[in-house]
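Every read-out reported here was derived from the displayed coordinates using simple, explicitly stated rules and does not represent laboratory data. Keep in mind it's a predicted model, so treat the numbers as computed, not measured. Counting neighbours? That spans all protein chains shown, and the Cβs are built from the backbone with ideal geometry, glycine included.
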Amino acid sequence: MSQPVQLLTSGGQTITGQIVPMEQHHYDQVNTVWKPMLMATEQPDAGWIWDYKLRQSQQEERYEAYVLDVDGFPQGLLFIETQWHRSHWSQRWPLVYVEAIATAPWNRSDIEQPPWLKRVGTLLLLFARQRSIDLGYGGRVGLHSLPGAEGFYQRQKMLEHGPDPEKDDLVYFEYNAISA
Amino acid sequence: MTYEHTGREPMDEQRLADQLQKTGNLMDLTFDQAWLAEAAEDDGWIEAGVMMRPYVNYLKSLTPEQNRSLRFQAKLLGILLPELKQWITSWGLGQSFEPVYTAARQTLYRHLKQLTEEQEDWITALIDENDQRLPVEEQAVRSQTSSMLAQLFTVEDWHELAEVAAQGMSQTVLQIPQAVSDRVPATA
């Protein structure tokens, strides 16, 4: 599966990218280019379990790992679980659960001014909703936002369910089904 | 922090419903110039999921100098990788393309950490030219990329790439008998 998308650079240029299943070479590039400073700053690397998620997506059907690839270069990552999670609403609808979503370091204005690409997060979130539709879940998507990112999900009109004690009190957000 | 909303939101539910009815694929919205043009601000921090915590902590620990360096490296690879891919495609490696391209990328990453002064000057010129946003065919420095990469790779690197290519070719040839036998109907 490969999904072409269009993005805007901060300079206003329109470019084409692809959301594609993550492969080993994407993971290698993320390691090399997104986090080269880890070695320089000698930070612990134990929490970077993207390789584990990549293997999960290759071995278990319910996990899917995607990368937003622009010119062979990863600009965003999305890991989803598609079978076991349920809505936090009482009806407990099935949904696509976003296990992890991230954009490259330079796509945010407080790190790079101006950021390189706009809307990487929006595109990946939109793709998660499309996968939910493909799977018959109507566009329902759930996720736990990290502190500091809640504003993004509020702007994306996700419904806020408050801190989740089962997930370190991270705020849970959910999209309902898309209805005409 | 406050956010100003202008016009329709990218995730306006009615708009998504309209799009689904129209093409059945939400991602087609990204080819709608009006939708794209509404990207007045960047997404900012978007990370979600417990497993992303170390990544966010890492980003927040970076100094402005480290951020600049990250961005520079990303910009550089944003130019070099497509050029490298195009170059290796021109070698006509068939099935061996992917493993050779992977090995070549690793080789490139390794060499970028130990550039000579001359190579650093060339890279600075390459980035400066890229910042001018000229059409690719008018980028004189960029047109030298394959020669520069050829110089960057050592004799040992070329032998390694040749070996990877040969392995790929061998595997392709060795799979032929199995592929043929799969097509032959079983006889009683």
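Descriptive notes on the structure:
- Amide proton proximity set for B:D42, modelled H, under 5 Å, gap of 5+: none
- Model label points for B:L115 and B:A162, set 7 angstrom from Cα along the Cα-to-Cβ axis, are 2.9 nm apart.
- Largest GNM mean-square fluctuation among A:H85, A:H26, A:H161, using chain A with Cα springs under 10 Å: A:H161.
- Modelled label reach - A:D71, point 7 Å along Cα→Cβ, region B:124-154 residues with backbone N closer than 15 Å: B:124-146
- Here the Gaussian network model covers chain A, with springs between Cα atoms less than 10 Å apart; of A:Q18, A:Q83, A:Q91, A:Q91 fluctuates the most.
- Euclidean distance of C-alpha centroids, region B:41-62 and region B:115-145, integer Å: 32
- Label-point separation in nm, B:S181 to B:N25, each point 7 Å along Cα→Cβ: 4.1
- J(HN,Hα) series, region B:99-112, from Karplus relation 6.51 cos²θ - 1.76 cosθ + 1.60, nearest Hz, glycine and proline x: x, 5, 4, 4, 5, 5, 4, 4, 4, 4, 4, 5, 6, 5
- Per residue of peptide A:115-126, the mean number of Cβ atoms on other chains within 10 Å of the residue Cβ is 6.
- Under 25 Å from the Cα of B:K60 - lysines, other chains or at least 8 residues apart: A:K35, A:K53, A:K118, A:K167, B:K75, B:K113
- Residue-wise HN-Hα coupling along region B:144-150, computed from phi with Karplus coefficients 6.51, -1.76, 1.60 (Hz; x: Gly, Pro): 8, 4, 5, 5, 5, 5, 4
- Put simply, the protein assembly as shown fits an ellipsoid with semi-axes of 36, 28, 21 Å; these come from the alpha carbon gyration tensor as the roots of five times its eigenvalues, largest first.
- Sorted fewest first by neighbouring Cβ atoms within 10 angstrom, A:I15, B:I79, B:I127 come out as A:I15, B:I127, B:I79.
- Label-to-label distance, B:A140 versus B:D18, with points set 7 angstrom from Cα along the beta-carbon direction: 4.9 nm.
- Whichever lysines have a C-alpha closer than 16 Å to that of A:K157, once near sequence neighbours (fewer than 8 apart) are set aside: none
- Gain in span if fully extended, A:Q91 to A:E160, counting 0.36 nm per residue against the direct Cα distance: 23.2 nm
- Highest-fluctuation residue, B:D157, B:D12, B:D121 considered, GNM on chain B with Cα pairs under 10 Å: B:D12
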